[in-house]
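Student: Have a look at this one.
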Amino acid sequence: MQRTITVKLEDNQAVTDTIRFFNECCNFFLRVGFDSKTHSKRVLQALGYREARKRWPRLQSSVVQGARDCACDMLKREGLRKLPLKKPWSSARFNQRTFKAYLDSARLSIATVSGRQRVRLRIPEYFLRYSGGKVVSLRIRLWKRILYADLVVELSAAVIPGNLQSRPLAVLGVDRGVVSAAVASNGVFFNSRAIRRVRGRYAYLRARLQAAGTRSARRHLRRLSGRERRFQADINHRIAKQVAVMDHDVLALEKLRIRRNKQQGRRFNKALGGWAYAQLESFLRYKCEETGRIVVLVPPENTSRICSRCGSLGRRHGSTFSCPSCGIILNADLNAARNIAQRGRALLGRLTVNQPIVAGADAEDAGTAAESSYKPPVETGGS
């Protein structure tokens with residue numbers, strides 16, 4: 001598994017100049033690729049590499065190739081419909097031939113326009129737990145006259161210890177929704193009332209600013225979008241942190257693919273568009289991986305309509321679920337979370353005995369296979 005850590009670098013003029021020359025070189029490749037209508041690395045190498053080496057002779061050849069690769073990615077992202085350009089102090093990409101990071105001694109050796117430089121890293125105490133990993137990627141940027149490095153650290157995948165594999169694994173199901181951000185099968189609710197209230201305030205301000213249409217209103221809209229995005233990420237981080245430390249070995253989630261539906265109306269689709277369910281899933285994944293827990297994805301069909309006690313199709317009225325067979329009445333989201341946990345246990349039962357249980361993509365692949373073989377029950381009675 002990989003983790004990205006952001007650290008400060010000590011002030012170094014050679015590194016600052018390298019960032020500026022890298023972005024100038026990247027813009028050169030962007031113009032060459034846009035004019036030639038191509039984002040192929042091989043074609044850009046043939047068209048512009050020699051000219052780039054002449055214009056920026058102080059840049060190492062691997063750094064020039066990194067600028068070419070960055071330009072190809074940007075052109076591919078835009079689909080060659082418009083010419084993207086990098087700002088002078090935006091991030092510069094370095095491959096493994098141009099740097100060597102020593103996290104244990106907080107040092108970075110990097111190729112610059114003034115030769116190889118050794119720069120000191122200011123690693124926060126929280127990131128010291130990643131000091132045993134291998135840095136596989138590096139980006140450096142200048143922001144408010146301070147150098148920042150984004151280091152991608154490769155860590156060994158966490159494996160469920162053998163003593164856990166010798167007993168039944170405790171499975172926790174989590175149902176994600178709009179009314180309740182998350183509901184765990186152990187009865188813990190994470191209500192979205194505060195989130196909806198804040199998002200409603202942001203929506204009101206956004207509508208007023210869009211109606212104004214002035215330059216200052218547009219600047220305010222950009223700042224507003226950043227605040228709303230950071231607020232949503234903070235809420236999902238808090239939920240994921242609390243779920244990851246709960247008593248369980250396996251976390252079961254629905255494999256959601258949400259699309260807007262014109263028949264549901266504008267209000268419903270607006271609430272659906274602000275639902276950051278995928279972000280919450282990604283946060284849950286990496287926080288569970290760090291604690292040695294695995295995450296599995298299960299089919300989402302009828303999790304809110306099947307009774308978690310007897311398995312019969314029941315009825316949902318608002319936030320309440322009732323089963324006509326066994327008579328149970330409980331919260332519909334809690335009922336769904338318990339069904340998700342049961343499907344997670346069934347999925348683990350299908351794994352072979354000698355198959356390692358690893359916190360990573362293997363669990364998702366197994367969930368996909370289980371989803372393809374899953375058939376939802378057919379309702380024979382009335383609705």
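Student: Pick from the range 3-43 the residues that are crowded, with 18+ Cβ neighbours inside 10 Å and closer than 30 Å to Ser156 by Cβ: which of them is modelled with the lowest pLDDT?
Tutor: Result: Ile5.
Student: Quick check on my filter: what residues within the range 234-259 are touching a Leu at 6+ places or on another chain (Cβ under 6 Å) and either polar (S, T, N, Q) or at pLDDT below 85 (or both)?
Tutor: The answer is Asn236, and nothing else.
Student: Picking from Leu128, Leu83, which residue would you name as being open to solvent by 30 Å² or more (accessible area, probe 1.4 Å) and under 29 Å from Leu155 (Cα atoms)? Let's see the steps before the verdict.
Tutor: Working: Leu83 fails: under 29 Å from Leu155 (Cα atoms).
Of the residues listed, the single one that is open to solvent by 30 Å² or more (accessible area, probe 1.4 Å) and under 29 Å from Leu155 (Cα atoms) is Leu128.
Rundown of residues vs (1) of a type outside the set (D, E, K, R); (2) over 20 Å from Ile239 (Cβ atoms); (3) in contact (Cβ under 8 Å) with a residue 24 or more places away in the chain, yes/no style:
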residue	(1), (2), (3)
Ser192	yes, no, no
Ile195	yes, no, yes
Gly200	yes, no, no
Tyr204	yes, yes, no
His220	yes, yes, no
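Student: Also, I was wondering about something else. From (1) in a loop (DSSP other than H, G, I, E, B); (2) surrounded by 13 or more Cβ atoms within 10 Å (Cβ to Cβ), pick out the condition that doesn't hold for Ser105.
Tutor: The failed condition is (2).
Student: Is it the case that Lys87 is assigned to a loop (DSSP other than H, G, I, E, B) and under 12 Å from Glu24 (Cα atoms)? Talk me through it step by step, then tell me what you get.
Tutor: Details: assigned to a loop (DSSP other than H, G, I, E, B): yes; under 12 Å from Glu24 (Cα atoms): yes.
In short, yes.
Student: For the range 278-383, list the strands (runs of 3 or more DSSP E) that sit wholly inside it and hold at least 3 residues that are closer than 21 Å to Ile258 by Cβ and modelled with pLDDT of 85 or more; which are they?
Tutor: Working: elements: 294-298, 315-317, 320-322, 329-331.
Hits in the range 278-383: 294-298.
Student: Pairs only if they're at least six apart or on different chains, beta carbon under 9 angstrom, first in the range 74-91 and within 14 Å of Asn23 (Cα to Cα), second assigned to a loop (DSSP other than H, G, I, E, B) and not polar (S, T, N, Q); list them, first residue then second.
Tutor: Sorted first by the residue in the range 74-91, then by its partner, the pairs are Met74/His39; Met74/Pro84; Met74/Leu85; Met74/Lys86.
Student: Still on this structure, I have one more. Exactly one of (1) in contact with a Pro (Cβ under 8 Å, 6 or more places away or on another chain); (2) open to solvent by 30 Å² or more (accessible area, probe 1.4 Å); (3) of a type outside the set (Lys, Arg) is unmet by Gln96. Its number?
Tutor: (1)
Student: Next up: Has the range 111-118 got at least one residue that is assigned to a strand (DSSP E or B), surrounded by fewer than 13 Cβ atoms within 10 Å (Cβ to Cβ) and in contact with a strand residue (DSSP E or B) (Cβ under 8 Å, 6 or more places away or on another chain)? It would help to see each step written out before you state the result.
Tutor: The initial filter retains those residues of the range 111-118 that are assigned to a strand (DSSP E or B), namely 111-112, 115-118.
Then drop every residue that is not surrounded by fewer than 13 Cβ atoms within 10 Å (Cβ to Cβ), which leaves 115, 118.
Next, from what is left, pick out any that are in contact with a strand residue (DSSP E or B) (Cβ under 8 Å, 6 or more places away or on another chain): 118.
Yes; the residues of the range 111-118 include at least one that is assigned to a strand (DSSP E or B), surrounded by fewer than 13 Cβ atoms within 10 Å (Cβ to Cβ) and in contact with a strand residue (DSSP E or B) (Cβ under 8 Å, 6 or more places away or on another chain).
Student: Sticking with this structure for a sec: Could you tell me which residue of the range 44-57 is nearest to Trp89 (Cα to Cα), considering only residues that are buried (at least 21 other Cβ atoms within 10 Å of the Cβ) and among the small types (Gly, Ala, Ser)? Let's see the steps before the verdict.
Tutor: Initially, the range 44-57 is screened for residues buried (at least 21 other Cβ atoms within 10 Å of the Cβ), giving 44, 48, 52.
Still in the list and also among the small types (Gly, Ala, Ser): 48, 52.
On the way: Gly48: 22, Ala52: 19 Å.
Looking at residues that are buried (at least 21 other Cβ atoms within 10 Å of the Cβ) and among the small types (Gly, Ala, Ser), I get Ala52.
Student: Under the condition of being among the basic types (Lys, Arg) and touching a helix residue (DSSP H, G or I) at 6+ places or on another chain (Cβ under 8 Å), which residue from the range 198-217 is modelled with the lowest pLDDT?
Tutor: To start, the set of residues in the range 198-217 that are among the basic types (Lys, Arg) comprises 199, 201, 206, 208, 215.
With the extra rule that they be touching a helix residue (DSSP H, G or I) at 6+ places or on another chain (Cβ under 8 Å), the set shrinks to 199, 206.
Working: Arg199: 79, Arg206: 85.
Looking at the filtered set, the residue picked out is Arg199.
Student: Might you let me know whether the range 162-179 holds any residue that is farther than 30 Å from Ile5 by Cα, charged (D, E, K, R) and modelled with pLDDT under 85?
Tutor: yes
Student: Please find, among Arg68, Arg31, Arg58, Arg3, the residue that is of a type in the set (D, E, K, R) and part of a loop (DSSP other than H, G, I, E, B).
Tutor: Answer to the check: Arg58.
Student: Still on this model: Within the range 137-152, can one find any residue that is in a strand (DSSP E or B) and loosely packed, with under 13 Cβ neighbours inside 10 Å? Spell out the reasoning first.
Tutor: Residues of the range 137-152 in a strand (DSSP E or B): 137-143, 146-152.
Checking which are loosely packed, with under 13 Cβ neighbours inside 10 Å leaves us with 143, 146.
Scanning the range 137-152 turns up at least one residue that is in a strand (DSSP E or B) and loosely packed, with under 13 Cβ neighbours inside 10 Å.
The values are calculated or read from the model by the stated rules, or taken from the named source; none is laboratory data. These numbers come from a predicted model, not from an experiment. A quick note on method: Cβ atoms are made from the backbone with ideal geometry, for glycine too, and the neighbour counts reach across all protein chains shown. Each accessible area value is taken on the protein alone, full model and side chains, heavy atoms only, with ligands, DNA and RNA left out. Shrake-Rupley method; radii C 1.70, N 1.55, O 1.52, S 1.80 Å.
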